[in-house]
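Visitor: Input: one structure, supplied below.
Derivation of every value follows stated rules applied to the coordinates shown; laboratory data play no part. Worth saying up front: this structure is predicted, and the values here are computed from it rather than measured. Cβ atoms come from the backbone with ideal geometry, glycine included; neighbour counts cover every protein chain shown.
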There are 2 protein chains.
Amino acid sequence: MLAYMNQQAFEATLSTGKATYYSRSRQTLWVKGETSGNVQLVKEIRIDCDDDAILLKVEQLGRAACHTGHRSCFHKKVENGSILIMGEPLFDPKEVYNK
Amino acid sequence: MLAYMNQQAFEATLSTGKATYYSRSRQTLWVKGETSGNVQLVKEIRIDCDDDAILLKVEQLGRAACHTGHRSCFHKKVENGSILIMGEPLFDPKEVYNK
């Protein structure tokens, strides 16, 4: 998955060990998994060469990172001008998010 | 590595099979590797759940993707409040970029 962090989100990620992002639309921090339970336990933090991107290596609790129920957000493959959905959702988003 | 694409960069990537990005600072397309020779041959293209991020799986020509000479741009590891450089540069940027 790809998400945005501000400084506060990065500091929360460091101090809690749980991947924490910043929602620019909602203008608030969000601990990944706070609703779904699919928390990401941070195993390693990498920074890129020009210090403007962060790569987290995580243990993904629950079965999937994506809000669609897919393990990865990158589950759409471009092939011959079409988009193929790779794999099946591992949970039903309606059950997870509309509790 | 992480880089920006606009629609034109995406279309060039599709049509040429070489990863092509858009430099927002220089306001121009750039074919990755056009200076260094370290072209990225695109093997697979993934799109994320909300259609605003692209993951390229590539064959990295030359020895490294990063302009520093490291294989990955994400070669800085955050550990105990310090930043560790992981691995050694695989080429000398001075030799590659100052020809």
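Visitor: Return the total of residues in region A:1-22 being in contact with a strand residue (DSSP E or B) (Cβ under 7 Å, 6 or more places away or on another chain), free of Cβ contacts under 8 Å to residues at least 24 places away in the same chain and assigned to a helix (DSSP H, G or I).
Guide: Total meeting the criteria: 3.
Visitor: Could you tell me whether region B:39-60 includes any residue that is small (Gly, Ala, Ser) and under 16 Å from B:Thr20 (Cα atoms)? Explain how you work it out, then say what you get.
Guide: Restricting attention to region B:39-60, the residues satisfying the condition of being small (Gly, Ala, Ser) are B:53.
Restricting the remaining residues to those that are under 16 Å from B:Thr20 (Cα atoms) gives B:53.
Yes.
Visitor: Here's something else I'd like to know. Could you grab me the full set of residues in region B:67-82 that are loosely packed, with under 14 Cβ neighbours inside 10 Å and outside any loop (DSSP other than H, G, I, E, B)?
Guide: Across region B:67-82, the qualifying residues are B:Glu79, B:Ser82.
Visitor: Could you check region B:53-66 and list, in sequence order, the residues that are part of a loop (DSSP other than H, G, I, E, B), more than 8 Å from chain A (Cβ to nearest Cβ) and of a type outside the set (Gly, Ala, Ser)?
Guide: B:Leu61, B:Arg63
Visitor: Among B:Ser25, B:Ser36, which is the only one that is under 13 Å from the mean Cα position of the chain (by Cα) and either within 14 Å of chain A (Cβ to nearest Cβ) or part of a loop (DSSP other than H, G, I, E, B) (or both)?
Guide: B:Ser36
Visitor: Tell me, please, whether a residue that is of a type in the set (Val, Ile, Thr) and closer than 30 Å to B:Glu11 by Cβ can be found in region B:63-84. Can you show your working first?
Guide: Here is the first cut: in region B:63-84, the ones of a type in the set (Val, Ile, Thr) are B:68, B:78, B:83.
Okay, now just the ones that are also closer than 30 Å to B:Glu11 by Cβ, so B:68.
Yes: region B:63-84 contains one or more residues that are of a type in the set (Val, Ile, Thr) and closer than 30 Å to B:Glu11 by Cβ.
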